[in-house]
Amino acid sequence: MEPGHISDHLFRHQYGKMVSTLTRIFGFEHHQIIEDAVQDTFLLALKKWRTAIPDHPEAWLMHAAKQRSIDLFRHNKALTKREEQFTHGSMSLAIDQLFLDHEVEDSQLRLIYAICHPALKAQDQLSLALKMMSGFSNKEIAKALMLKEETVKKRITRAKKFIVDQAIRLEIPLGEALLDRTQRVLEVIYLLFNEGFHSSGKTSLIREELCGEALRLCKMILKKEYLRNANVYCLFGLLCLHAARLEGKVDQDGQLIPLKEQDRRVWHKPLLQLGLDSLAKSAQYEDHSPFAFEAAIALEHTKAKSFEETDWKTILNIYQQSHKEYPNEMNVLSQAVIHIQLGSFAEAEKTLSTLNQAALGSNIYLFHAVKAELLMGRKKIDEARVSLETAISLCSSDAEIRHLRNKLESY
Amino acid sequence: MKKFMMLFVGEDYPELGLSPEQIQERMGKWFAWNTKMREQGIIATGEALTYKIKRVVGPDRVVSDGPFVEPKEVVGGFYVIQAESFEHVVEIAQDYPDYDLGNSVEIREVMVFE
């Protein structure tokens with residue numbers, strides 16, 4: 001490494017590595033000491049590296065954090081015995097092994113697999129993963145997930161307490177349990193990505209960071225041969241295809257640009273290619289991924305050179321197949337949108353009439369927005385306006401309301 | 001050329017709850033500032049200080065431990081640099097990275113005895 005230069009986000013990424021490794025050594029129950037030690041290490045670096053950055057910043061940080069944890073253990077009388085174990089004899093030699101690169105990665109995987117224990121709430125897992133794996137502060141998490149800092153703190157505390165109380169082991173489960181747990185880990189990664197990708201009102205910096213973290217964690221799983229399967233490759237492919245479009249889908253104010261109006265020239269080609277390769281790889285495995293349908297749809301969108309050239313028939317087909325396997329009312333709504341896109345208004349109406357509106361929950365406003373589209377297609381402008389106004393009255397997102405109002409004005 | 005001391009006054013970082021990302025960003029700014037001054041060849045010396053304070057007072061040399069002042073008034077580090085004037089140092093001090101934390105730079109001229 002060129003002296004005097006450290007890579008972007010090194011501290012944040014290193015935080016996850018340091019916390020994972022130290023947690024594996026000292027045990028999850030000492031997470032507070034560990035997090036303090038890691039924090040102290042960064043602050044030490046802040047002062048020490050002002051005049052010169054060490055040749056191997058990562059190794060420096062890791063070593064300093066280990067020393068600092070041992071110091072903290074030493075200060076805590078109840079834990080002195082433990083400290084002796086870590087600094088003397090064969091155990092200390094074994095510990096040194098854990099600082100090798102592949103062991104550090106292994107520790108990170110163990111930690112995320114523990115965090116994704118099925119008994120924990122997904123929302124708590126998300127906050128805890130951002131904290132321990134990705135080195136976000138509570139404040140940063142609150143900003144990224146649009147929550148109160150207090151809520152984030154509560155979720156993290158609750159999740160940590162659960163892991164300690166249940167003595168959840170930091171290990172990757174074997175056999176059947178492995179598949180289930182991997183699925184859970186992937187779901188959390190998927191949630192993390194969606195937080196960055198789908199909700200509006202966030203700065204592009206926050207979007208990029210959340211999506212970047214999701215990609216990074218997914219890649220970490222793919223690096224382990226025994227964890228690879230169609231599911232992981234499908235999710236990674238899906239995330240790449242989505243991430244490639246990230247820059248084109250948000251305007252300068254952080255507002256979403258509808259697919260129709262996106263400039264496809266700014267889509268990131270290398271990521272698209274990586275996505276395609278990953279999806280191709282997934283075909284070599286026998287398992288069937290719940291992410292496969294969504295990936296196939298994303299693939300169709302990226303294939304189209306323009307919005308007008310989108311192969312809606314194929315996409316509709318994928319939605320229908322997906323609905324058979326994973327029934328979901330949002331899917332039905334998407335099918336109606338495509339029928340409208342194709343000009344088959346009768347089909348769209350039929351689809352909308354089969355939809356279970358109650359199951360849409362807070363997304364019910366979308367139902368009315370789609371209905372408005374359909375009525376517009378049929379040139380029933382007055383009725384369309386009424387539907388759109390209903391949609392606006394049921395919508396709680398400011399950005400979405402703005403979007404719907406613009407539409408209303410254009411009618 | 002005269003000699004000046006820039007004293008950095010303010011709260012210690014641990015009290016501020018900075019995230020790893022913010023720490024790295026701040027460190028980058030300190031590093032850039034240091035490099036800039038070094039390239040100009042104006043640094044005589046400079047150190048960061050720990051926040052532990054002991055004070056020896058009075059004819060009986062009574063030793064006491066801090067804190068003696070408000071946390072935001074503690075000196076956390078210094079540079080001694082060569083510059084033409086106070087105005088020149090003020091200009092150099094523009095790049096001090098921690099103003100946004102409420103910290104400040106105090107400038108003093110080093111006295112010369114002929």
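Just a few scattered comments:
- Calculated diffusion of chain B, Stokes-Einstein form, Kirkwood radius summed over Cα pairs, 20 °C and 1.002 mPa s, µm²/s: 136 µm²/s
- Per-residue average of Cβ from other chains inside 10 Å of A:40-47: 6
- With 19 Å as the limit, the listed pairs A:LYS161/A:LYS224; A:LYS17/A:LYS223; A:LYS17/A:LYS224; A:LYS313/A:LYS407; A:LYS47/B:LYS2; A:LYS380/A:LYS407 have A:LYS161/A:LYS224; A:LYS313/A:LYS407; A:LYS47/B:LYS2 beyond it between alpha carbons.
- Our helix-only sum for the protein assembly as shown, with -39,500 (n - 2.57) per DSSP H run of n ≥ 4 divided by its residues, gives a mean residue ellipticity at 222 nm of -19000 deg cm²/dmol.
- For the pair B:ARG38 and A:HIS102, label points projected 7 Å from Cα toward Cβ lie 3.7 nm apart.
- Computed from backbone phi with θ = phi - 60° and the Karplus coefficients 6.51, -1.76 and 1.60, the 3J(HN,Hα) list for segment A:18-33 is 5, 4, 4, 5, 5, 5, 5, 6, 8, x, 4, 5, 9, 4, 5, 4 Hz; x is used for glycine and proline.
- Here r is the Cβ-Cβ distance between A:VAL266 and A:MET146 and R0 is 25 Å; the resulting FRET efficiency, rounded to 0.05, is 0.45.
- Under the criterion of Cα pairs below 8 Å and six or more residues apart, the relative contact order for chain A equals 9 percent.
- Radius 12 Å from Cβ of A:ASP8, net charge of other residues (Lys, Arg +1; Asp, Glu -1): -3
- Partner aspartates and glutamates for A:LYS66 [C-alpha distance under 16 Å; skip if fewer than 8 residues away on the same chain]: A:GLU35, A:ASP36, A:ASP40, A:GLU58, A:GLU83, A:GLU84, A:ASP96, A:ASP101, A:GLU103
- Two-site FRET efficiency, A:SER306 against A:LYS48, from Cβ-Cβ distance with R₀ of 56 Å, rounded to 0.05: 0.55
- Estimated translational diffusion coefficient (Stokes-Einstein, Kirkwood radius over Cα pairs, 10 °C, 1.306 mPa s) of segment A:115-174: 135 µm² per second.
- Of the GluC sites (Glu not before Pro) found in segment A:238-290, those in coil by DSSP whose Cβ has at most 13 other Cβ atoms within 10 Å are A:GLU286.
- Across A:ARG50, A:ARG264, A:ARG155, mean-square fluctuation computed from a Gaussian network of chain A (C-alpha pairs under 10 Å connected) peaks at A:ARG50.
- Considering only alpha-carbon pairs that sit under 8 angstrom and 6 or more positions apart, the relative contact order computed for segment B:2-109 is 52 percent.
- Subtracting the Cα-Cα distance of A:GLU349 and A:THR157 from 0.36 nm times their residue separation leaves 64.3 nm of extension gain.
- Where chymotrypsin sites (Phe, Trp or Tyr not before Pro) fall in DSSP loop in segment A:118-216, at most 13 other Cβ within 10 Å: none
- Gaussian network model of chain A, springs between alpha carbon atoms under 10 Å - residue of A:LYS260, A:LYS66, A:LYS269 with greatest fluctuation: A:LYS260
- Placed amide H near B:GLY46: partners under 5 Å, 5+ positions off or other chain: B:VAL80
- For A:ASP398 and A:LEU342, a Förster radius of 30 Å and the Cβ-Cβ distance give a FRET efficiency of 0.40, rounded to the nearest 0.05.
- If you run the Gaussian network model on chain B, springs between alpha carbon atoms under 10 Å, then out of B:ILE23, B:ILE42, B:ILE81 the most flexible one is B:ILE23.
- Note on segment A:12-73: Cα convex hull, mean projected area over all directions, 3.9 nm².
- Candidate aspartates and glutamates - alpha carbon under 17 Å from A:LYS269, same-chain residues fewer than 8 apart omitted: A:GLU208, A:GLU247, A:ASP277, A:GLU300
- Per-selection metrics, segment A:120-282 (Cα): Rg and Dmax in Å: 16.7, 52
- Each distinct pair of alpha carbons in segment A:194-295 adds a 1/r term; the inverse of their mean, the Kirkwood radius, is 14.1 Å.
- In this label model, B:VAL75 and A:GLN123 are separated by 5.1 nm, measuring between points 7 Å along each Cα→Cβ vector.
- Rounded to whole Hz, the Karplus (6.51, -1.76, 1.60) HN-Hα couplings of segment B:102-110, x for glycine and proline: x, 8, 9, 10, 10, 10, 10, 8, 7
- Taking amide H as placed 1.01 Å from N in the peptide plane, B:GLU109 has its amide H under 5 Å from the amide H of B:MET5, each at least 5 places away in sequence or on another chain.
- Percent of C-alpha pairs per 20 Å bin, chain A, short to long: 23, 52, 22, 4, 0
- Using alpha-carbon coordinates, inclination of helix A:364-377 to the longest axis of chain A, degrees: 40 degrees
- Remark: the Cα gyration tensor places segment A:315-411 in the oblate category, a/c being 1.5 or greater and a/b not exceeding b/c.
All of the numbers you see were taken from the coordinates with simple rules; none came from a lab. Note that the coordinates shown come from a computational prediction; the quantities given were computed from them, not determined experimentally. Every residue, glycine as well, gets a Cβ built from its backbone with ideal geometry; the counts of neighbours run over all protein chains shown.
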